[in-house]
Amino acid sequence: MSSIMRTRVVQCRNYCLKCKMVRHCRTPVQHCARTCTAPARVPLSMSLRLGFHNLEPALAAAAEALFGTRSPPRAVLRRARALHALLVVSSLPSAPRPPTFLVNQLLALYCRLSAVPDALALLRSTPCPSVISYNTVLSALSRTPRHAQDAFGLFRGLHSSGLRPTAPSLCAVLRAAGALRDGRAGAAAHAHASALGFLASDIVPTALLQMYSGCGSPRDANQVFDEMMTPDVVAWNCVMHCNVRYDYLDRALRKFCRMVSTGLAPTESTLSSVLSGCGRSGDLHHGRALHGWVVKSEELDPDLPLHNALLDMYCCCGDLDTAVLVFRRIETPDLVSWNTIISGFSGVADGWTAVQAFVKLKAVSSEWLAPDEYTFAAVVAAAASLPAMCSGKPLHACVIKAGLESSVFVANTLLNMYFTNEDPESAHILFDSVMVKDVIMWTEMVAGHSALGEGELSLKYFIGMLEVGHKADNFSLSSALNSAADLAGLKQGEMLHAQVVKSGYEGNICVSGSLVDMYAKNGTLLRAYSVFCTIQKPDLKCWNAMIGGYGNHGDSEMAFKLFGDMIRSDLQPDHVTYISLLSTCSHCGLVEKGKLYWFCMINDGIVPGFKHYTSMVSLLSRAGLLEEAVELINKSPSAKRYPELWRILLSSSVTFKNLSIGVHAAEQALELDPDDLSTHILLSNLYASIGKWDSVSEIRRKIRGLMIEKEPGLSWIEIEKMVHVFSADDECHTRIDDCRDELLRIMENMVLLDSYENEIVLNG
C-alpha cells in the first residue's frame, strides 16, 4: 500500500512531502527553500485529491468548446455553471488552487452570457485573481447599465489587492462613468490614468472621449482630443460624434476637414455622424458638399447606414426631391429607410405621399420588413392633416391589426390626428382603450380639448392626470391655462398659477405667456403685467397677450406703448400682433392709427387674414366710412366665404341709416347664407330706421316662414366656487328675484348719478 501511495505522489510531481504543500513543480522536493527529506508516506484521501491536475486539460477543453457552441444561451450557461461547480469541488483547502487561465476562461464565458452575478461570485471566490480576471469582470459591469455602479467598487478592490491597473481597467471604469453620466467619477478616473501614465496609450484617450461625451462635457472631450499626439480614426469619429451630439456642427466640420488634411480616410461612420449633424441643424449646403465627397471618394463603399444618413439629412432639411432620389438608389432599403422617407413627407405636411409610401412598404413587407410603431407613428402624424375617414381611421385599423393598439407611442399620434380632424369622440374611445397611459397621452387630451374650445373637458382631464399620479409638465400647464382664459375662470387660473409655481415652471416662457394671457383675458391686467415683468426675455406670445389685453379693455395708450417697447426689443410683429393693434383701434375709434398699422402690416409682408379684415371693416364702419369699408371688403378673399364682413357693414348701415349700402351688404350676406337669422333681423332694423314698415313686415314674414329659432346667447359668472349660467329673458334661474332686485338697484343708482351730474352742470 505504501508503494502504491508513493507511486501516485511521484506521478503528481508537485507534492512536497515535508511541507504538505501543493505547488507546480517537476519534483516533489523542489518547493521548499531547503531540501525535504521527509518520508514519502501520504494518506490515501490526500492522494485522491491530487487527481485535480488531471482534470485541468479536460476543464479547459470544455470551457473552450462552450465558447464556440451554437446551443441556446441558457443551455450554455447551465454547462458553464456545471464546470464552475466541478472547479469548486476539486479545489478544497488542502488541494491545489485552480489555474488562473481556467478561471479567466470561465469568467469570460459568464460575461459573454451576461451572467454578471456568477462572474462576480467566481472572482470573489478565487484566491489570487490576476489583473486579467478583474478586467474581464470590469468590462462586463461597465457594459451593463444596471451593474455599472459596481464597477467602481471592483476597481477599488483591484487597487487594494496590490495589483497595478492596466489600460483596459481604466477603460472599463471610464465606460461605466459615461454610462452613469457621472462626471465626477470620470474625472477621478482621468486623474488616475494620468498618474499611471496611460494617456499615451492608444485606447485610454478614446475611452476618455466617450466618457466626456456621455457625461455632457464636449469642452473636456475636445481638450482631451487636442492633447492626443496621433489620434486614430476611432478617436476622430468619437470627437466628431460628441460635437454633433451637442449641436456643435461647426466644430465637427472643422474636425472633419482636419482629419482629411492629415491623410486619414474618413469611414462610413465618420460621414454618417457629420451628416446627422447637418440634418439636425438644417445645414443643407454642407450636407450636399459631404454627399459630393462621398460620391467622388474612391476609397468609400457606401453601406446602408451611410445611405440612411444621407436620406435623413435631406429629409430633415426639407429637400424631399433629392431624398427620393437617394432612396431609389438603395438596393434593399431596410425599415429605417422606409421610416425616414415617411417621416420626411410628414415633416413637409405631404400626407398623401406619406400614405402612398406606407402602402408601398406594406406591399413589399415580409417577416424581416414589417411596419413597426415608428412607422405607424410617422404615417399617422403625416395623415393628421387629411380627412380622418380617408386615411386616419384606416390607419387606426392597420394599427389594431398589427397588434400595436396598446403602444402609447402610436396612440399619441392617433389622438393628435383625431383632435386635428375635430373628432373628440373617437379620441375618447381610443384614450379609454389604452390601459397604461403616460403623461403625453394625458397632455394630448388636455391640449386637444383646449384647442377645440372645450375648456371644461380640458380642465377635467388635467385634474384626472394629477389624480392618477402624473406630474404636470409645461405643455399640460400651458393648455390648461389657455382653457381657463377661454372660460374666463379666474379662480381656476389662480389655482393653476399655484400649480405652476409648485412645479417650478414659472421660468418657462411658454407657461409664462399662457399666464399673462389668462390674466389679461380675465381682466386682471395688473396681475398680467406683474407676471410679464418677471419674464427675463418675453417672447412674441407674451407681448401679444399684453397688447391684446390692454387693447380689449380700452387702454389704447398702454397697448401702443407696449408695442413700441416690443419693437425696441428687436422683435418682429406677427399677424397676431396686428390683430391686437387693429382690434384696439376699432374699440377706441382710432381710424388714422388703424390705417397706419394696416399699412405697416402690408409692408412687413404679412398677408391680411379674416380677423384683420374683420377689425378693419369694423373700424371703418363704426366711423361712418362705409364706402371705404365696401372697397376693403371687395378686396378681401374672405368676403366670398364668410358673411360676417358684410354683416358688420350692415350693422353700421343701420346706425347711419344708409339704405343703399345696407341693402347691398344684406344681399351679399344672404347669398352666402340664405337662412341667416341675424342678417334678416338687421335688414328689418334698417328698414325700420328709415320708416319703411311695409318692407319690415315682409322681412318679418320671411323670418316666421323660415321657422328659425334664434339660439340664445349665454353668459356666466362664478360666485363662491359655483358657476351660474344665464341668458336673456331667463326666468328659470333659482335666484331670479335677487337678480331683479340688484338690477333695479343699479338702475336707481344710474338715475341718481345722472341727476347729480346734471345738477353740477347747471350750477356751473
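None of the figures in this text is laboratory data; all of them are computed from the coordinates on show. A quick note: this is a predicted structure, and the numbers were derived from the prediction, not measured. Because the Cβ atoms are built from the backbone with ideal geometry, glycine has one as well, and the counts that use them run over all protein chains shown.
The orientation-averaged projection of the convex hull spanning the C-alpha atoms of segment 166-283 amounts to 6.8 square nanometres.
In plain terms, the residue of K541, K702 with the fewest other Cβ atoms within 10 Å comes first and the most crowded comes last, giving K702, K541. A Cβ-based charge dipole, computed about the Cα centre of the chain with Lys and Arg at +1 and Asp and Glu at -1, lands at about 6800 debye.
Footprinting exposure proxy ranking of C242, C315, fewest other C-beta atoms within 10 angstrom first, gives C315, C242.
For the chain, the longest principal axis of the Cα atoms and the long axis of helix 73-90 meet at an angle of about 40 degrees.
Between the residues A80, A191, G605, the greatest Cα displacement towards the positive end of the dipole of the chain, with unit charges on the Cβ of Lys, Arg, Asp and Glu, is found for A80.
For segment 215-230, backbone phi angles converted through the Karplus equation (6.51, -1.76, 1.60; θ = phi - 60°) give residue-by-residue couplings of 8, x, 10, x, 5, 5, 4, 5, 5, 4, 5, 5, 8, 6, 6, 9 Hz, Gly and Pro being listed as x.
So the label point goes 7 Å from the Cα of D372 along Cα→C-beta, right? Which residues of segment 338-355 then have their backbone N under 16 Å from it? The answer is 338-343, whose backbone nitrogens lie closer than 16 Å to the label point. In this label model, Q149 and V607 are separated by 5.8 nm, measuring between points 7 Å along each Cα→Cβ vector. Restriction of the GluC sites (Glu not before Pro) in segment 266-339 to DSSP coil positions whose beta-carbon has at most 11 other beta-carbons within 10 angstrom yields E298, E299, E331. The stretch between M747 and M229 holds 177.4 nm of extra length on full extension. This uses 0.36 nm per residue minus the Cα-Cα distance. Each of S297, V500, Y529 was scored by the projection of its Cα onto the charge dipole of the chain, and the greatest displacement toward the positive side belongs to S297; charges sit on the C-beta of Lys, Arg, Asp and Glu. Taken about its Cα centre, segment 557-631 carries a charge dipole of roughly 160 debye when the Cβ of each Lys and Arg holds +1 and the Cβ of each Asp and Glu holds -1. The residues packed around M313, meaning those with a beta-carbon under 10 Å from its beta-carbon, carry a net charge of -1 if Lys and Arg are +1 and Asp and Glu are -1.
So for segment 166-230, Kirkwood radius off the Cα pairs, Stokes-Einstein at 25 °C and 0.890 mPa s: how many µm² s⁻¹? Write down the numbers at each step before the final one.
Details: Rh = 11.2 Å.
Using the Kirkwood radius from Cα pairs, D works out to 220 µm²/s.
A176 sits among other residues whose Cβ lies under 9 Å from its own Cβ, and their net charge, with Lys and Arg +1 and Asp and Glu -1, is 0.
For segment 356-421, the relative contact order is 39 percent, taking Cα pairs closer than 8 Å that sit 6 or more residues apart in sequence and dividing their mean separation by the residue count.
Each eigenvalue of the Cα gyration tensor of segment 466-612, multiplied by 5 and square-rooted, gives one semi-axis; in descending order these are 30, 15, 13 Å. Using the Cβ-Cβ distance between K702 and K657 with R0 set to 25 Å, the FRET efficiency works out to roughly 0.70.
Mean sequence separation of contacting Cα pairs (under 8 Å, at least six apart), scaled by the length of the chain, corresponds to a relative contact order of 3 percent.
Between V436 and V576, how high is the FRET efficiency from 1/(1 + (r/R0)^6) when r is the Cβ-Cβ distance and R₀ = 41 Å? Nearest 0.05. Mind dumping the intermediate values first?
Working: r = 38 Å, r/R0 = 0.94.
The pair V436/V576 has a calculated efficiency of 0.60.
Shape index of the chain: Rg/Rh, with Rg the Cα radius of gyration and Rh the Kirkwood radius from the inverse mean 1/r over Cα pairs, equals 1.16.
The simple Förster model, with R0 at 41 Å and r as the Cβ-Cβ distance, assigns R70 and A195 a FRET efficiency of 0.35. For segment 528-714, count all C-alpha to C-alpha pairs, find those more than 26 Å apart, and express that count as a whole percent of the total. Above the 26 Å cut-off, segment 528-714 has 42 percent of its Cα pairs.
Comparing S161, M558, A354 along the charge dipole axis of the chain, the residue lying farthest to the positive side is S161, per the Cβ-charge model. Which angle between 0 and 90 degrees, to the nearest 10, do you get for helix 610-622 versus the longest principal axis of the chain when only C-alpha atoms count? So the inclination is approximately 20 degrees.
Annotation for I681 and R184: the two label points, set 7 Å from Cα along the Cα-Cβ direction, are 7.1 nm apart.
Each residue, R329 and D247, gets one label point 7 Å from its Cα in the Cβ direction; the gap between the two is 3.0 nm. The angle separating the long axis of helix 439-451 from the principal Cα axis of greatest extent in the chain is about 10 degrees.
For K255, the lysines whose Cα falls under 28 Å of its own Cα, not counting residues fewer than eight places away in the same chain, are K296.
For segment 294-415, count the residues as N, evaluate 2.2 N^0.38 Å, and divide the Cα radius of gyration by that value, please.
Its radius of gyration relative to the 2.2 N^0.38 Å reference: 1.10.
For the residue pairs K593/K640; K393/K640; K460/K502; K437/K471; K561/K595, the C-alpha atoms sit more than 23 angstrom apart in K593/K640; K393/K640.
Pairs of Cα atoms under 8 Å, at least six residues apart: use those to get the relative contact order of segment 528-714, whole percent.
Working: 205 pairs, mean separation 22.7, N = 187.
Once normalised by length, the contact order is 12 percent.
I need the trypsin sites (Lys or Arg not before Pro) found in segment 582-688, filtered to DSSP loop residues with at most 11 other beta carbons within 10 Å of theirs. Mind showing how you got there, number by number?
On the way: sites: K593, K595, K611, R622, K635, K640, R641, R647, K657; in loops: R641, K657.
Filter output for segment 582-688: R641, K657.
Each peptide in 407-414, 579-586, 112-119 receives the mean, over its residues, of other Cβ atoms within 10 Å, and ordering these scores from highest gives 579-586, 407-414, 112-119.
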